[in-house]
Every structure is written in C-alpha cells, then in structure tokens.
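Have a look at the structure below, then the notes.
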Amino acid sequence: MQKHFLMAGISAAACISAASSASAVEIEYWQYIYETRVEAMDQLIENFEEANPDITVNQVTFPYADYQTRIVAANMARKGPDVMQLFYGWADKFIAGNLIQPLPEDTFPAAQIEEEFFPIVSAMKRDGQYYGLPTAVRSLALFYNKDLFEEAGIDGPPETLDELVEYGKQLAVRNDAGNFETVGLTLDMAGQDHQWWREVLVRQMGGVPYNEDYTQVTYDDDAAGAEALEFYTNLQKKHGIGAPGFMDEGQAAFRAGRAAMTIDGTFRLGSFNDIEDFEWGVAELPANDEGVQSNYASYFANAIGSSAEGEELEAAVKFLEYISSDEAMQVWLEVVGELPARREAAMTNANMNDPIYGPFLAALPYAHTTLFVDEAAQRQTAIDMANRVFLQDQPVADSVAEAAEQEQAIIGAARD
Amino acid sequence: MVHPTSSDTVPTHPVQPAPRLSMRARSALWVWSFLAIPVLFYCVIRFYPTFNAFWLSLTDWDLMSEAEFIGFENYRRMFADPNFWQTFRNTFEYLIYGTPISLLIAFIIAYYLDKVRFAHNFLRALYFLPYITTAAAMAWVWRWFYQPPPTGLINGALGELGFGQIEFLGSTTNALPSIMVTAIWAGLGFQIIIFMAGLRAIPDTYYEAARIDGLGDWAILRKITLPLLKPTTVFLVVFISIAFLRIFDQVYNMTTNDPGGPLGTTKPLVLMIYETAFSSYDMGYAAAQTVVLFTILLVVSLLQLWILRDRA
Amino acid sequence: MTSATETPGLAMPRINPKAIVRWTILFIGGVLMVTPLLYMFSTSLKTPGQIYDLRLIPAEPTIANYLEVLREGDFMRWFINSSIVAVVVTLSNLFFDSLVGYTLAKFQFRGRRFIFIAILSTLMIPTEMLVIPWYLMSAQFGWLDTYWGIMFPGMTTAFGTFLMKQFFETVPDDFLEAARIDGMNEFTIWWKIAMPLVTPALSALAIFTFLGNWTAFFWPLIVTTSKELYTLPIGLTSFAVEQAIRWEMIMTGAALATIPTLVIFLVLQRFIVRGVMLAGLKG
C-alpha cells in the first residue's frame, strides 16, 4: 500500500513539474457571472492560449451582487486576480484601494488609446494614465412597440423630444376608470431614466450635469436641470403619457406589451429578444429642437490587478492587449451583444446598418459616461428628485437644488 | 444540589484509575468541560463582535483601506444626516403604531377564541398559519396585492366595484402603513397563542369567585383577566416592539425597485444599515448606525419593563 | 355574554345565538388571515392570462408554473440548503443550549452567576450590530458563501439556553443523585437521565430554532452570494426580482417556499402550538 502511495506521489509530482514547464505562467481572470459573458471569455481565452502556449488563463467568476466584495476580500487576503473586469464607475475606489495598477505606457500609449477608442474610455484615465480598457460598451436607445405604433397609425419612432411627447399622447390608453391600460412611455427613474435625465435631457436643455472630472454637480447651476426635470415630470403631470410605478418596472411593462416606448440599454436586448407577442424596434434617443443629441454609455473595463508582477504582469499585459483587440470585440458583439469599444471595430458598415445595433452604435461618438462614486446612492437622489415632484408637487427647481445638494454630499464623502 | 462530602466517605466504586480528585474538583472539571465550547463561542461570536462594532463605529473603515480612528465623526455625520432622521422616524412609526395595534387585535381574538369550543383547533390554525410562513415569500404576495392597476389584486377588486384606485406602495403616506399591515399580519398568530396560554394559566377559581361576587364580564376582564395577564402582556410588548424596531424582510422585499419606498418613507434603520454597509461599503458609518439601533433596543426594553413593573 | 354555556364540561344542545355570532366573526377573521395564502396558491395555479381575474378558484388550474419554476429555478437546491442549515443549527442548539442550561441549573460552581448573566446579556445585542464584524470575520476566514458561514452565528443562543435552564430546574435533584450513586458520569447523567425529562422543552426549542432558521433572511442575504448557496428565502427574493412582474411565477415560488413549513405545521399542529406556548411562557 505504502509503495503505491509513494509511486502515486512521485508521478503526481512529475506531472506537476511537466505541466508547469509547458505553461510557464498562469494568470487569473475575474469577472462576474453572466452566461454569455462567461461564454465569450472562454472563447477569447481559448484563442489567446492557442497563440500563447506558455500562458494559461484561469477564468474565475462570481455573482454580480458579490463581485466587488470578492475582489476586496481577495485583496485583503493578498490573493487578488491578475486581470479583472470592473465597472468604470468603480475605478476611483479601486485605485484608492490599491486594487489595480496603471497600464504600462509602452504597450498602451494614452494618445493611441484616445485615437482608437471612443471618447468614453477617458473615464478610466487618472493623471494622464489609463487604468483599464473596455472590450465592449453599452449605450441607451428608445425601444418601441411596432404593433402599438401601427395601431395608432404612427409611421416610425419619434426623432425629437416634441415628437416623443406627441406620439406618447397618442399611444397612451386609459380605461373607463381613468387608469392606464397602456402607457405611451414608461417613467422609471430606478431603471435607465435617471441616466437619460442626467446625461441626455440636462445637456439637451443647454446645461452640463457635472464639471469636467465629475467632482462637482453642476446641473443646478443654471435652469437646465430644472427644465430637464420639468420636461420629464410633465410627461406624466401635463401630458399623461405614463405613470411612475406602472407595472412596477418600465421594462416589465414594455415586455408585457403595455408600454409603447421605453428607454433602456443594450443589456436589455437579451430579455427583450424573448418577446413573442409583438414586434419591437430600436431608435436613437430623440434629439431636441436644435438637433442636439446625447447618450449615456457605460462599460466594464479590464484592468490589471495590483498584485501582478514580473512574469505574471507580462502575461497579464499580453492578455489585456488581446481582449481589447478588434478581434475580441467582434467575438464579444456576436456572443454577448455588446458594442465594440474601438471605433474601427464598431463602425463597420454591417454593424452600423444593423437595425438593432445601429442606433446604439450611432450614439457612441456623442455619448457621455457619468463618473459615479456610488451609483446606487446617486441613482437614489435622482429617484427622490422625481418623486418629490410627482408625489409632493415640489417646484422642480427646488427639487433639483435639493438633489444637487445630496449628490454633492455623496461625491464629497467618497472623495475624502 | 451537589453534596461535596459524600464522595470522600463513600467510595462506591473501587475502579478509580486517576488520582482521586475531590468531588468538588471533579464536578468543576465536568462543569468547565461542558461549558468550554459554548463559552468560547460566546466570546468569539457574540462579545468580541460587539466590542468590534463599537470600535468600527469610531473608524472610517470602507473595506478598501485600513480602518483609521476618526473619533465620533461618524456619529456627528449621522446626526446631521436628514436621511438618518427620516429612517429614525419611520422606525418609530412602525413601533408606535404597530405594537399597540398588534397587541389589541391579538388580545381580542385570543379572548374570544379561548371561549370557542366548536372547531377550536381549526380556527386557531387559521390564525396561526401566517406565523409559520416565510416573511420574504409573503412580502411578495402582499406586494402583488398592493400593485397599482392593472396589476394589483386590491386595486383590481376596487376597479371592478367601480372605485378609483388607491396608491399603496407608491405613495409617500400609504406605503409605510401598507408594509406595517403585512408585518402585523405575520406576527399575529404567535401573539394570539401566547395570549391564550396566558389566559389558560389564570386559575378558574378566580373567575368563579368573581361570579359569586356578581361581577359582569366587563368587570371580570378589567379586574381579573387583565391584571393577571400582565406578565404575558409585558413579554409580548417587549417582543413585538423589538420585532418592529428590527423590521427588514418585508421592507426589503416589497421595495426592491426603490429601496425604502418613495422618498425613503418606508425605510427602517436596519435597511439603512444594510445599504450603508453592503451597498456603499461604508462600514464605519454603518457600525455607528448599529450602535444607535442597539441603544434604542436597550432603552425601549428597559423602559417598558420599568413602566409596566411600576404599575403593579 | 352569558356565562353558563361557556364552561367546557357542558354539552351544547342549547345553541347560544351570541356564540354563533362570535364563532362566525372569528371564522371570517380566520379566513381573512389565510386569504393571502389562498390567493398565493390560487394564482400559482393560473396561466398568465388569468391572473388578473379575481376568482379564487382558477378557471383552468394548471401546474405548468410549478413545472417551469422547478425546471428553471434552483428551488430544489435552495430547499436542500435551507434544510441543511435549519437541521444542523437546530441539532446544535438542542445539544449546546441544553448542555449549558443543565450545567447552569444543576451545578454549583464559582462563576455560575457571572456566566449566566453574561449569556443572558447577549439577548440585548441585536444581530444587526454583529453582522458587520461577522462579515469581516467571515471574509478573513473564508467563510463567505459557505454553509458554515450561514450557520455559525446561530449555533447556540441565549434564548435556548435560558429556556432549557428553566426546564432543567424543574428536574428533581434526587434523580440525578441516584444516577451519580450508580456511578454514571456526569455527561451520561445529563444525556440519559436529565434530557428525557425535558422532551417537551426540547421540542419547543427545536420548533423555534428550525422555524427561525428556515425563514431567516438578513444574515443569509449578506453572507451568501452564489446561487448554489442561497437559502430558500434568499433564492426566492432573487428569483422574484428576476421574474420582474410575472406574478404567477412569483406566487409559485412563494408557494414552494411556504409549502414545507405548512406541511410540517399541519402534521404537527398540536405539538407546535404547545411548543410555542411553552417557550413563550418560560422564555
């Protein structure tokens, strides 16, 4: 018996050393669990390992709710990943917590990044250094129910805010008791409307939501914030196009065929693809009278963990280079349905003419990213801002001022 | 009682391999071997974390960086935070309305249920059933009841009867009572059973004597039943109050899309703690909030015990 | 209310109209109490098209929702997780709470009062205050997202210890003394002699601990992160959020989470009610 054990031990040791000489470096890649993302990454890893036989990449995944905590906990235990995916909004926290390191300037020169990627990548830049690069980005668009549009005799999606209001009024249906059967447009600040208000409506009213580096709230500096909120709340109060809380969630109402339009992101495509009861389409977010357009884009960037050094750092850099390449982006678009972050990969004719991806892609050149310090808390200030007007009839200007004050406090608390 | 002398004089068993310990010492050995693991448990899982929470409340710990001592900064920030005072008020609203309403309904039902013989167990089971359900599951059932049209059951029924809709969870005034109703509903079964046990424990002779004295039902209730039920009532008041001060499951599940209800009008302290700690990762600040919760629980329990004892 | 008919011994050929009214009102109240449960089950048996139909009895009952939930969701897994957690924690409490309760009730030793008060004082510490340190501890020891992580805070409780102490105090010393003279060791005396004498208390404790852990929400919500480790309430919450407003599916999930305790209750009703009474009075 003992001999067997001994033999087994020796052969196991031999295997290990053989394996380690064949693949000299092993690195860990972390992302959160989302079926298609994991699948896409498996494909990318396979391609990468084929091209770099001396590097092994292990993909480790955690549920989204737990993901940040995992990284932090692992970092506390000094067992962090070599390459990890992070929401761009976490960048400040991760840099301050020393969880990630800047990308090496020689492989990723800032000037080149800015030339090749959409401008929104600058959210990963601090003091002239980039801390991560996205494979794919998401933006917002207007989803509309083609069947309901046809019933109402409307040819196509609204292109301006005025049309949005006009069509919305025509599309909303109420029953005898005055309750909505169908809403023209969903009003759901807890969904994507807070992004729409912040980065799109405020800008379309001639304002700027934040200063350059997002350390100061500026949407209350002029009337733009209040005008944007007035426009938003009037969708219910004046025009009766929709009601907050209708069917609990905007996307749920749209899915159930009880909303003619909803504003949502690329990430909703998967769940809307299951809709069988009606045809739907996607359009760019409506422009204002002067044709000003804006959008909110967000992304998960890939960054290098602070614990990676030496051989592992080299391998991590190579891997990061690959997963931010045109090739990787095309894989990601096909498998996950998220938009390429490089202009060249995104703006192909095939992609731009795609009826679904086209409108999302068209928005990328003019899209903005909000540098959140605590997205949940900042979203809450927007939800509350709208609710004060909806539920308590607070004057819009006061509500915007109050929201600005609260949000500034959140940003301030996170920055010191 | 342990009699330390007996073993010295009566060596009942000749087989005593170890050097003979006195009965007292052996008993102490048993005691501490019984207590070793639990005492360790209480130290590590109860007392140490308690002190740790106090300590963390004086730091700026945010999971990312090392905790740094910042004195009472978290408390200063909390007392200056209107959101904190809002949750504080909400929490006490749950407590101040929830406790007496629960207590009153539970007592009335228990009082009459106690007198019913026909299908007694069946009736009792109807009232008790909600208590054994999972709060998280039932919160979703109630949430569906409360939906605005065209989804919600209550509004659906109102609509069929030709009434206008009532905004429940989406209203700043109705949301908290709506959630409170579900919490009262869930706790009632337990309270009824406890009240009935208390009623049973009152000896019949008291009632007989009272009847002989010619007291009516109302007088019996006031002079005999209620005073003798005081220990039960005290227990329940404390029990229900603590449950309302710690309300979380229902609120969390009924307001997932705008946590804490419209404008935070349903948010209790525990939800604020949860968000501060596990959504904003502001651990030091959250720890300070838990210290406040702890203090409130302590004060409320002591106060109630003291008031009710005083009236004896 | 006249008093004569109230006494249980009397047969009831004379039907008191007041008693009928009382019974009817109590019955209606009882039905109202279970209405949410009834609608939960009823809706879980409806098709999506029927759910806004207010009838309690579904026009065409279907178990399709159950099949879909059981196929899609991880309910079986969550059910097993909840069972493991609740059973292990309950057994641990039965063992440790009664061991400590017994020791405090039946032994005289230095520090007895101190330990008793120390244990009792933990009743004043709310779980919410401990979760942050527990979380930190779990992160450091790798207990996050493990069964042990879910269970460790409840392995023994002051409530159970206090309850068992109260009951062990009613066990006559003579019994134990006799066993001692027979040469039993102290552990055997506790296990073989004392424990069987407090079975009602043990069952009360078991019921409370099991129910408490089966429905526990706050700590499992914090400590579990992967779907595979969710307990039933946490799993249900995540399932319900994912389903958005498919209420028939949410009701099915809620029903699946409720059925196990419901079955246990219907089987053990007398037992459970007595247990609650016992624990409530002594605890």
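Mind listing whichever residues of the stretch B:40-65 are open to solvent by less than 50 Å² (accessible area, probe 1.4 Å) and within 7 Å of another protein chain (Cβ to nearest Cβ)? Once the filter is applied, which keeps residues that are open to solvent by less than 50 Å² (accessible area, probe 1.4 Å) and within 7 Å of another protein chain (Cβ to nearest Cβ), the stretch B:40-65 yields B:Phe41, B:Tyr42, B:Ile45, B:Arg46, B:Pro49, B:Thr50, B:Asn52, B:Ala53, B:Leu56, B:Leu63, B:Met64.
Sub-8 Å Cβ pairs linking a first residue in the stretch C:132-157 that is on the phi > 0 side of the Ramachandran plot to a second residue that is in a helix (DSSP H, G or I) and open to solvent by less than 20 Å² (accessible area, probe 1.4 Å), at least 6 apart or interchain, are C:Asp145/A:Asp66; C:Asp145/C:Val223, ordered by first then second residue. When restricted to residues that are at positive phi and either in contact with a strand residue (DSSP E or B) (Cβ under 6 Å, 6 or more places away or on another chain) or open to solvent by 30 Å² or more (accessible area, probe 1.4 Å) (or both), the stretch A:228-273 contains 1. Is at least one residue of the stretch B:230-240 over 30 Å from C:Ala279 (Cα atoms) and either surrounded by fewer than 22 Cβ atoms within 10 Å (Cβ to Cβ) or not hydrophobic (A, V, I, L, M, F, W, C) (or both)? Among the residues of the stretch B:230-240, not one is over 30 Å from C:Ala279 (Cα atoms) and either surrounded by fewer than 22 Cβ atoms within 10 Å (Cβ to Cβ) or not hydrophobic (A, V, I, L, M, F, W, C) (or both), which makes the answer no.
Those residues that are assigned to a helix (DSSP H, G or I), buried (at least 23 other Cβ atoms within 10 Å of the Cβ) and within 7 Å of chain C (Cβ to nearest Cβ), I need them from the stretch B:133-144; list them, please.
So the first thing to find is which residues in the stretch B:133-144 are assigned to a helix (DSSP H, G or I), and the list is B:135-144.
Still in the running and buried (at least 23 other Cβ atoms within 10 Å of the Cβ): B:136-144.
Answer for the stretch B:133-144, where residues must be assigned to a helix (DSSP H, G or I), buried (at least 23 other Cβ atoms within 10 Å of the Cβ) and within 7 Å of chain C (Cβ to nearest Cβ): B:Ala136, B:Ala137, B:Met138, B:Trp140, B:Val141, B:Trp142, B:Trp144.
I'd like the residue in the stretch C:152-199 that is in a loop (DSSP other than H, G, I, E, B) and hydrophobic (A, V, I, L, M, F, W, C) and, out of all such residues, is surrounded by the fewest Cβ atoms within 10 Å (Cβ to Cβ).
The first filter runs over the stretch C:152-199 and keeps only residues in a loop (DSSP other than H, G, I, E, B), leaving C:155-157, C:169-172, C:182-185, C:198.
Filter once more, keeping what is hydrophobic (A, V, I, L, M, F, W, C): C:155, C:171, C:184, C:198.
Numbers: C:Met155: 19, C:Val171: 18, C:Met184: 16, C:Val198: 21.
Restricting to residues being in a loop (DSSP other than H, G, I, E, B) and hydrophobic (A, V, I, L, M, F, W, C), the top hit is C:Met184.
How about the stretch C:242-256: which of its residues are at the interface with chain B (Cβ under 7 Å from one of its Cβ atoms) and in contact (Cβ under 8 Å) with a residue 40 or more places away in the chain? Full working, then the answer.
Step one: of the stretch C:242-256, the residues at the interface with chain B (Cβ under 7 Å from one of its Cβ atoms) are C:245, C:247, C:250-251, C:254.
Across the stretch C:242-256, the qualifying residues are C:Trp247, C:Met251, C:Ala254.
Just a yes or no: is a residue in the stretch A:334-347 of a type in the set (A, V, I, L, M), open to solvent by 50 Å² or more (accessible area, probe 1.4 Å) and farther than 25 Å from A:Glu49 by Cα? Looking for residues that are of a type in the set (A, V, I, L, M), open to solvent by 50 Å² or more (accessible area, probe 1.4 Å) and farther than 25 Å from A:Glu49 by Cα, one finds at least one in the stretch A:334-347, hence yes.
Conditions (1) at negative phi; (2) part of a helix (DSSP H, G or I); (3) out of contact with any helix residue (DSSP H, G or I) (no Cβ under 9 Å at 6 or more places or on another chain), marked per residue:
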site: B:Trp32; (1), (2), (3): yes, yes, no
site: B:Cys43; (1), (2), (3): yes, yes, yes
site: B:Pro49; (1), (2), (3): yes, yes, no
site: B:Ala53; (1), (2), (3): yes, yes, no
site: B:Ala67; (1), (2), (3): yes, no, no
site: B:Arg77; (1), (2), (3): yes, yes, no
site: B:Phe92; (1), (2), (3): yes, yes, no
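Of the conditions (1) open to solvent by 10 Å² or more (accessible area, probe 1.4 Å); (2) at the interface with chain C (Cβ under 8 Å from one of its Cβ atoms); (3) within 29 Å of A:Val72 (Cβ to Cβ), B:Leu298 clears all except one; give me its number. The single condition B:Leu298 does not satisfy is (3).
Residues in the stretch B:193-209 that are open to solvent by less than 90 Å² (accessible area, probe 1.4 Å), within 10 Å of chain C (Cβ to nearest Cβ) and of a type outside the set (Phe, Trp, Tyr): B:Ile193, B:Ile194, B:Met196, B:Ala197, B:Gly198, B:Ala201. In the stretch B:111-121, the qualifying residues are those that are more than 8 Å from chain C (Cβ to nearest Cβ) and part of a helix (DSSP H, G or I), and the one that is nearest to B:Leu221 (Cα to Cα) is B:Tyr111. In the condition set (1) of a type in the set (A, V, I, L, M, F, W, C); (2) open to solvent by less than 30 Å² (accessible area, probe 1.4 Å); (3) at the interface with another protein chain (Cβ under 7 Å from one of its Cβ atoms); (4) under 26 Å from A:Tyr34 (Cα atoms), C:Val276 is compliant with all but (4).
A residue that is under 21 Å from A:Val208 (Cβ atoms), under 15 Å from the mean Cα position of the chain (by Cα) and not assigned by TED's automatic domain parsing to the domain that holds A:Gly89 cannot be found anywhere in the stretch A:398-407.
Is it the case that B:Pro149 is outside any helix (DSSP H, G or I) and under 29 Å from C:Leu256 (Cα atoms)?
Working: outside any helix (DSSP H, G or I): yes; under 29 Å from C:Leu256 (Cα atoms): yes.
Yes, satisfied.
The values are calculated or read from the model by the stated rules, or taken from the named source; none is laboratory data. The structure displayed is predicted, hence computed values, not measured ones. Reconstructed Cβ throughout: ideal geometry from the backbone, glycine too, with neighbour counts over all protein chains shown. Only protein heavy atoms, including side chains, enter the accessible area calculation; ligands, DNA and RNA are left aside. Shrake-Rupley method; radii C 1.70, N 1.55, O 1.52, S 1.80 Å.
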